[in-house]
1. Considering 186, 216, which residue is surrounded by fewer than 18 Cβ atoms within 10 Å (Cβ to Cβ) and farther than 16 Å from residue 264 by Cα?
2. Testing residue 133 on (1) closer than 23 Å to residue 244 by Cα; (2) more than 18 Å from the chain's Cα centre (by Cα), one condition comes back false. Which one is that?
3. Quick check on segment 153-183: of everything there that is touching a residue at least 60 places away in the same chain (Cβ under 8 Å) and part of a loop (DSSP other than H, G, I, E, B), which residue is surrounded by the most Cβ atoms within 10 Å (Cβ to Cβ)?
4. Which of the residues belonging to segment 113-127 are more than 20 Å from residue 24 (Cα to Cα) and buried (at least 20 other Cβ atoms within 10 Å of the Cβ)?
5. Failed condition for residue 228, given (1) without any contact (Cβ under 8 Å) to a residue 60 or more places away in the chain; (2) under 30 Å from residue 95 (Cβ atoms); (3) in a strand (DSSP E or B), with all others met?
6. Among the residues of segment 106-125, which ones are over 15 Å from the mean Cα position of the chain (by Cα) and closer than 13 Å to residue 56 by Cβ?
7. Kindly establish whether residue 281 is over 30 Å from residue 95 (Cβ atoms) and either crowded, with 19+ Cβ neighbours inside 10 Å or at pLDDT below 90 (or both).
């Protein structure tokens, strides 16, 4: 019997062995960035802290997507006490994209739940790409000194942010098509078993029954259109945002969505989704800004 060279055997094994996921990365740096952001919110004021911690391409809805640095311009005197703290966080296996969410108060009064998407910058610092959240009920929310829960890391990675975004956009197109006829069924079919869906004034759901109850608050049909987002370098985590339009009580309504997609064993699954209503347009929407991939 002819023997195959060792190198050939190794190559054959490599080609026929499924790629193993890289070890999970601790989301602690993302949590630390959020805590520093919140601390500066008290020390410097809202405007100054948002300017300091936002990425050059960081956006908020005001009510249309706009660059945070363009909106805030020069910092203003402190005029409101905004307090927030993270209770749930996640990070990509490549350690360059993450998120946190938790309650916030405004001048001591419950405001809802914030959601922040974070990206590691070329200099190693963490800056946020998006910040905003719904007026969800804070009843039962853990206090500021509580441990932060971590989302399960992705099971798979494409190894390329471009390839990941191509796959995620296909997943979004399929979700959007299904949501035109049955929003609840469309989301339940793609949400991860540990995923979270928010947008109403109810408490953020923590189980399947809660997800179904939250989705029941949404219109039966929503027309979604993507505007932007980006994926991690590992190709295991991505965030997206876009426009949402629906009809309720005979009136046309609109808003925006923000999502986190995770590359699970069964494919890309929705880890987080929020629907944020917006007032009717009085001017043409702002042209979305191009978003560069993370470093």
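1. Values: 186 fails: surrounded by fewer than 18 Cβ atoms within 10 Å (Cβ to Cβ).
Only one candidate qualifies: 216.
2. (2)
3. 154
4. Matches in segment 113-127: 113, 114, 115, 116.
5. (1)
6. From segment 106-125, those over 15 Å from the mean Cα position of the chain (by Cα) are 106-112, 121-125; that's our starting set.
Those that are over 15 Å from the mean Cα position of the chain (by Cα) and closer than 13 Å to residue 56 by Cβ: 121, 122, 123, 125.
7. Values: over 30 Å from residue 95 (Cβ atoms): yes; either crowded, with 19+ Cβ neighbours inside 10 Å or at pLDDT below 90 (or both): yes.
Spelling it out, residue 281 is indeed over 30 Å from residue 95 (Cβ atoms) and either crowded, with 19+ Cβ neighbours inside 10 Å or at pLDDT below 90 (or both).
Condition check ((1) closer than 26 Å to residue 234 by Cα; (2) without any contact (Cβ under 8 Å) to a residue 12 or more places away in the chain) across all residues:
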{"position": "45", "(1), (2)": "no, no"}
{"position": "51", "(1), (2)": "no, no"}
{"position": "81", "(1), (2)": "no, no"}
{"position": "86", "(1), (2)": "yes, no"}
{"position": "103", "(1), (2)": "no, no"}
{"position": "124", "(1), (2)": "yes, yes"}
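The values are calculated or read from the model by the stated rules, or taken from the named source; none is laboratory data. The structure presented is a predicted model; accordingly, all values stated were derived computationally and were not measured. Cβ atoms come from the backbone with ideal geometry, glycine included; neighbour counts cover every protein chain shown.
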